[in-house]
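Notes for the one structure printed next.
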Amino acid sequence: MSAPTESASPGATAPGDAVATHCPYCALQCAQTLTRTPDGRLPVEVDGRDFPTNRGGLCQKGWTSAEVLRASDRVTTPLIRTADGGFREAEWAEALDLVADRLTALQEAHGRDTVAVFGGGGLTNEKAYALGKFTRTVLRSPYIDYNGRFCMSSAAAASNRAFGMDRGLGFPLADLGGADAVLILGSNMGVTMPPFVQHLAGARERGGLVVVDPRETVTARLASDDQGIHLAPVPATDMVVLLALTHVVLAEGLADLHYLEERTHGFDAVRRSVASWWPERAETVCGIPADELRRTARLLAAASPSKGGRGAYVLTGRGVEQMTQGTACVTAAINLSLVLGLVGREGSGFGPVTGQGNGQGGREHGQKSDQLPGYRSISDPAARAHVAGVWGVEPDSLPGPGVPAVQLLASLGREGGPRALLVHGSNVVVSAPNADAVRASLSRLDLLVVCDMVPSETALLADVILPVTQWAEEDGTMTNLEGRVLRRRKAVDAPGRARSELWILGELARRLGVSEGFPDDPRTVFAELARASAGGVADYSGIDYDRLDAGEQIQWPCPSAAHPGTPRVFLERFPTPDGRARMTPVDHHAPHDDVRADAPTYLVTGRVLQHYQSGAQTRRVPELDAAQPAPFVEVHPLLAERIGLTEGEEAVLTTARGTATATVRLTESVRPDTVFMAFHWAGAGSANRLTNDATDPISGMPEFKVTAVAIAPARVPVEVTAP
Ligand SMILES: Nc1nc2c(c(=O)[nH]1)N[C@H]1C(S)=C(S)[C@@H](COP(=O)(O)OP(=O)(O)OC[C@H]3O[C@@H](n4cnc5c(=O)[nH]c(N)nc54)[C@H](O)[C@@H]3O)O[C@H]1N2
Ligand SMILES: Nc1nc2c(c(=O)[nH]1)N[C@H]1C(S)=C(S)[C@@H](COP(=O)(O)OP(=O)(O)OC[C@H]3O[C@@H](n4cnc5c(=O)[nH]c(N)nc54)[C@H](O)[C@@H]3O)O[C@H]1N2
Ligand code: SF4
Ligand SMILES: [Mo]
């Protein structure tokens, strides 16, 4: 084995019988060592392993990740719906024949567009690639989209528009440690990525951590005392905070005019757009005192390299992105970063914090409705010709763009909409907005096929459940939040008859008349993916398993075998036609479903440490389930007193979409005009029965984060009108 190329990054090796891999959950992709245990209690023992993002650390989910491998209700054999509404076990051949026959019949009767596919940001690069290829070349349907639409689409749209590229963080995470200031908007990484926090130590030591969140989160508390500033705006007013910060930087002559001149265009329009957002006016909308806004702007400017600082970073999370103005809000954060001269400079930068394990790779290889592998546009004739060449099909045979996730789900079973859906790696009835409507959509389908390793709430609605391998049972690659390509490695055999999704797609393809092009060996799939990505924005063509297995740390773009990868993008130029970053003026608008007399409180949603997403995996881990067993709502004591709620009692929450019940947790960490719910549970306490499926006009991202709610004790009936 050759030596790793970065000091703290032995990417490939683990002692003895142990296997070096990465956590099944979030985009930090903490490195783990899995050791087979002889006692049989668990299939593997989990340890943290040194790696640039986690430096040996894991969070509670990572430590307990092996429990999911042997969940007691693991799906271990194909299951087919029976006439009485239950499931019966089936052989693979029978289940696959059934799915292929029904797909064929539906397509013959209603056209190719009648089949849709829903993917996930947890799939390996190989699976995501194969899924996009299967949809476009076997099903030949335009309708594929994925849960990354709920996650990274606004950040991706804003980054692509401004920089011509979306690589999440355009720099190694460890770079944050050297900065004087880090501005974090709507991310709670102290809970969502705990080992991330060590990279904030430098900024905290120097008093430069700024956290913008309507709640006093674990992350916000890192910015307390002399370590930084916590700004707690009215929900959905971050845009105004950003416009005011940019206003102050310009008004006080703190902008990096030389950088703006050399590396951007569109600055004049942006300057005009922030002119009217002086801090006192912003205060009336966002509730942050004007002086605090000024202090924050000066702190950031002092950290910027043009003012002699060590550097500053601006990071966004779902708190500012999952909005109908999400793309605009990220654009405002980018504009502030550009005015401070931070982007494409060593020691400074801007980036969204990607969420899912393969949230980054998941958006590069073609499971997004408008994209082909290599982060190419499916509408671009040259991109179609290149990818069609790799796939051995005619460019004209490739369908055009489909529709974004929310629209796709809403169209199911309706006039002209798809009548069959294949789900790979998402539990939409828990995690999609306006979840009761999503459940109704799925019930209109003629055929629902769900690939999963557990009977998720969505799988339980399926006509056919196909059991898949996961995480420690498979080989593949993932791309983390810094665009670093990692190896996932197999440590144990999957139980029962669970099979790799690559094998399932190949078997289905064959039954649908395509006998080649769907190998089940991930290494072969990766080699093809690399070729398909060649020349694209996300160019993986120089990466292969041998380099990764030798411990090389490679961040894309990596256009040749001799290329070392690109830890820091944009250092010389932006990949835009003229090499400059594009500044776009943006303005504020209220959330689509804003507070009003009959729904006077903001509901914001997010996560807790112990549960991952829809909870399909973590609710099956006893230790995590015990720590967070049931849905809850955080309420400020002042609000609770006013409406007569007490700690531990059941509250009823009602929005224009639906009703949920949850146990009251009193806390002063949430604003008195706001309540908070996590979305990890199904059933009566499911937060997404309440959330709004209105979407951002550019990205298609739904407004998960903020909606108007009426909250009352369970004994008081409530009605809410539409916004
Ligand atoms: N434990 C855990 N970790 C995870 C995940 C998980 O499910 N559980 N999921 C992974 C994934 S896919 C993702 S996308 C990431 C998400 O990671 P984060 O973005 O950190 O997570 P969230 O909790 O969704 O949202 C962050 C914060 O947004 C705040 N917020 C709500 N409304 C507003 C607003 O109007 N303005 C501002 N400024 N903030 C607001 C919430 O109070 C919350 O603290 O986490 C990843 N890591
Ligand atoms: N209210 C509210 N709702 C939200 C959010 C929010 O902040 N607030 N955040 C949104 C965000 S950012 C996200 S990313 C989504 C995520 O929400 P979901 O898309 O529901 O994500 P998961 O719960 O991770 O679902 C993944 C499913 O795939 C299965 N799975 C895991 N690995 C594989 C595999 O390799 N193959 C297959 N076939 N299945 C696999 C798991 O068992 C699980 O059932 O939720 C969104 N929903
Ligand atoms: S922070 Fe994310 S990647 Fe790391 S152990 Fe926790 S869930 Fe896994
Ligand atoms: Mo996400």
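Look at the alpha carbon pairs under 8 Å that are at least 6 residues apart: their mean separation over the length of the chain gives a relative contact order of 19 percent. The base-10 log of I(q)/I(0) for segment 155-226, evaluated at q = 0.18, 0.19, 0.25, 0.26 Å⁻¹, reads -0.75, -0.82, -1.15, -1.19 [Debye formula, identical scatterers on Cα atoms, solvent excluded]. Checked against a 23 Å cut-off, the cross-linked pairs Lys61/Lys368; Lys133/Lys368; Lys127/Lys490; Lys127/Lys368 give Cα-Cα distances beyond that limit for Lys61/Lys368. Over segment 154-352, Cα pairs under 8 Å with separation of 6+ residues give a relative contact order of 29 percent.
Classify segment 470-558 as rounded, prolate or oblate, taking a ≥ b ≥ c as the square roots of the eigenvalues of its Cα gyration tensor: rounded when a/c is under 1.5, otherwise prolate if a/b is larger than b/c and oblate if not. Oblate. Magnitude of the charge dipole for the chain, about its Cα centre and with charges confined to Cβ atoms of Lys, Arg (+1) and Asp, Glu (-1), is about 520 debye.
One Cα centroid belongs to segment 152-174, the other to segment 42-63; the line between them spans 27 Å. Take the Cα of Leu257, step 7 Å toward its Cβ, do the same at Ala93, and the gap between the two points is 7.9 nm. Using 0.36 nm per residue and subtracting the Cα-Cα separation, the extra length available between Ala626 and Arg715 on full extension is 29.2 nm. Placing unit charges on the Cβ atoms only, positive for Lys and Arg and negative for Asp and Glu, gives segment 332-473 a dipole magnitude near 280 debye about its Cα centre. Highest mean packing comes first when the peptides 463-470, 91-98, 169-176 are listed by Cβ atoms within 10 Å, giving 463-470, 169-176, 91-98.
Projection of the Cα convex hull of segment 578-649, averaged over all directions and equal to a quarter of that hull's surface, yields 9.9 nm².
Would you please state the base-10 log of I(q)/I(0) at q = 0.13, 0.20, 0.21 1/Å for segment 93-241, with intensities from the Debye formula using one equal scatterer on every alpha carbon? Log-scaled intensity ratios, in q order: -0.77, -1.28, -1.36.
By its C-alpha gyration tensor, with a ≥ b ≥ c as the square roots of the eigenvalues, how is segment 601-713 shaped: rounded for a/c under 1.5, else prolate for a/b larger than b/c, else oblate? Here segment 601-713 falls in the oblate category. For Lys307, the aspartates and glutamates whose Cα falls under 14 Å of its own Cα, not counting residues fewer than eight places away in the same chain, are Asp180, Glu252, Asp256. Dipole orientation for the chain: of the candidates Pro672, Ala93, Ser443, Pro672 has the Cα lying most toward the positive pole (charges on Cβ; Lys, Arg +1; Asp, Glu -1). Reported to the nearest whole Å, the Cα centre-to-centre distance from segment 678-713 to segment 375-432 is 25. Annotation: peptides 529-542, 623-636, ranked by per-residue average of other Cβ atoms within 10 Å with the highest first, follow the order 529-542, 623-636. Using C-alpha pairs below 8 Å separated by at least 6 residues, the relative contact order for segment 548-610 is 14 percent.
Peptides 115-127, 350-362, ordered by how many other C-beta atoms sit within 10 Å of their residues on average, highest first, read 350-362, 115-127.
For the chain, the share of accessible area belonging to carbon and sulfur comes to 50 percent (1.4 Å probe, ligands and nucleic acids excluded). Which of rounded, prolate or oblate describes segment 154-352 when judged by the alpha-carbon gyration tensor and an a/c cut-off of 1.5? Rounded, because the longest to shortest axis ratio a/c is under 1.5. Simple rule: put +1 on each Lys or Arg Cβ and -1 on each Asp or Glu Cβ in the chain, find the dipole, and look at Pro467, Leu34, Pro373; the Cα lying farthest toward the positive end is Pro373. What translational D, rounded to a whole number of µm²/s, comes out for the chain from Stokes-Einstein when the hydrodynamic radius is the Kirkwood one over Cα pairs, at 25 °C and 0.890 mPa s? Reported coefficient: 95 µm²/s. If you find the alpha carbon centre of segment 293-311 and of segment 339-353, how far apart are they in angstrom? First find each Cα centre; the distance between them is then 13 Å. Restricting to bridges with both residues inside the chain, how much of the DSSP beta-bridge set is antiparallel, in percent to the nearest 5? Within the chain, antiparallel bridges account for around 50 percent of the total. Full extension of the chain between Asp73 and His563 gives 171.8 nm of extra length, using 0.36 nm per residue less the Cα-Cα distance. For the chain, the per residue solvent-accessible surface stands at 33 Å², with DNA, RNA and ligands left out and a 1.4 Å probe.
The values are calculated or read from the model by the stated rules, or taken from the named source; none is laboratory data. Quick caveat: nothing in here was measured; it's all calculated off a predicted structure. Backbone-built Cβ (ideal geometry, glycine too); neighbour counts: all protein chains shown. Heavy atoms of the whole protein, side chains included, go into the accessibility calculation; ligands, DNA and RNA do not. Shrake-Rupley method; radii C 1.70, N 1.55, O 1.52, S 1.80 Å.
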